[in-house]
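Take a look at the structure below.
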Amino acid sequence: MKGNHLLRTTLVYFAFCILICGASHAQTAAGVEPRRVALYDGIVSFVPPEGFKPPSDEVIRRKFPNATSPATVYANERATTSIAISYHPLQALTPEQLPKFKSFMKSMLDKQQPGLEWLKDELVEINGVRWVHLEFLSAAVDAKIHNDMLFTSVDQRMLLFNFNSTLSEYSRYENGLARSKASIRVTSK
């Protein structure tokens, strides 16, 4: 992380985007049966929770109002619970950097939004891939948000999954989000 000003600036900007999402009350069409979704030329795949589907561009703009949207979003009908996935081919992150990256992200998030309630700050393995796992509660404009973030290195670049939900809805979606998280598969090019 030393001397990589562009990485830090981009991560600060991206983390801010993630912290503000989750409180939109926009409407989308009824959900469809869950299925394995392949992303980024098959590098990543996962199974969204039942009924989750990509919201409209308008909903994504509302959910992420102060920044460019993540590359892929799956959400419940009202977009109050979502999974945002981003692969950053220009953001260098090696597997060896994950422990330092975890500390850096936790520190940065604490500075950006004082008062986060930390639930987990750890390195985990999902289907043979090592991830930085940060789970915390944050405050949005009109709701408390449960954030469950996973970062890893894919081909020396950063991949992020952010599972987030309004706290009031989290218990309703918790099992589906956990199954979705456990379904993540990553392959290198």
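For beta carbons closer than 6 Å, sequence separation of 6+ or different chains, a first residue in segment 158-172 that is within 25 Å of Arg185 (Cβ to Cβ) and a second that is part of a strand (DSSP E or B) and acidic (Asp, Glu), the qualifying pairs are Phe163/Asp148. For segment 91-139, filtering for residues that are of a type in the set (A, V, I, L, M) and loosely packed, with under 15 Cβ neighbours inside 10 Å leaves 3. Quick one: is Leu123 assigned to a strand (DSSP E or B) and under 29 Å from Asp155 (Cα atoms)? So Leu123 passes the test.
Residues of segment 104-120 that are touching a residue at least 12 places away in the same chain (Cβ under 8 Å) and part of a helix (DSSP H, G or I): Phe104, Met105, Lys106, Met108, Leu109, Gln112.
For segment 123-135, the criterion of being touching a helix residue (DSSP H, G or I) at 6+ places or on another chain (Cβ under 6 Å) and more than 23 Å from Thr187 (Cα to Cα) is met by no residue.
How many residues are outside any strand (DSSP E or B) and either at pLDDT 95 or above or more than 30 Å from Gly42 (Cβ to Cβ) (or both) if we restrict to segment 129-155? Talk me through it step by step, then tell me what you get.
Initial filter on segment 129-155 (outside any strand (DSSP E or B)): 140-143, 155.
After this cut, where a residue has to be either at pLDDT 95 or above or more than 30 Å from Gly42 (Cβ to Cβ) (or both) as well, the list is 140-143.
Here the count works out to 4.
Report yes if some residue within segment 164-186 is under 20 Å from Pro99 (Cβ atoms), surrounded by 15 or more Cβ atoms within 10 Å (Cβ to Cβ), of a type in the set (Ser, Thr, Tyr) and at pLDDT 95 or above; otherwise report no. Scanning segment 164-186, I find no residue that is under 20 Å from Pro99 (Cβ atoms), surrounded by 15 or more Cβ atoms within 10 Å (Cβ to Cβ), of a type in the set (Ser, Thr, Tyr) and at pLDDT 95 or above, so the answer is no.
The values are calculated or read from the model by the stated rules, or taken from the named source; none is laboratory data. Here the structure is a predicted model, which means the values were calculated and not measured. Heads up, the Cβs are rebuilt from the backbone with ideal geometry, glycines too, and the neighbour counts pull from every protein chain shown.
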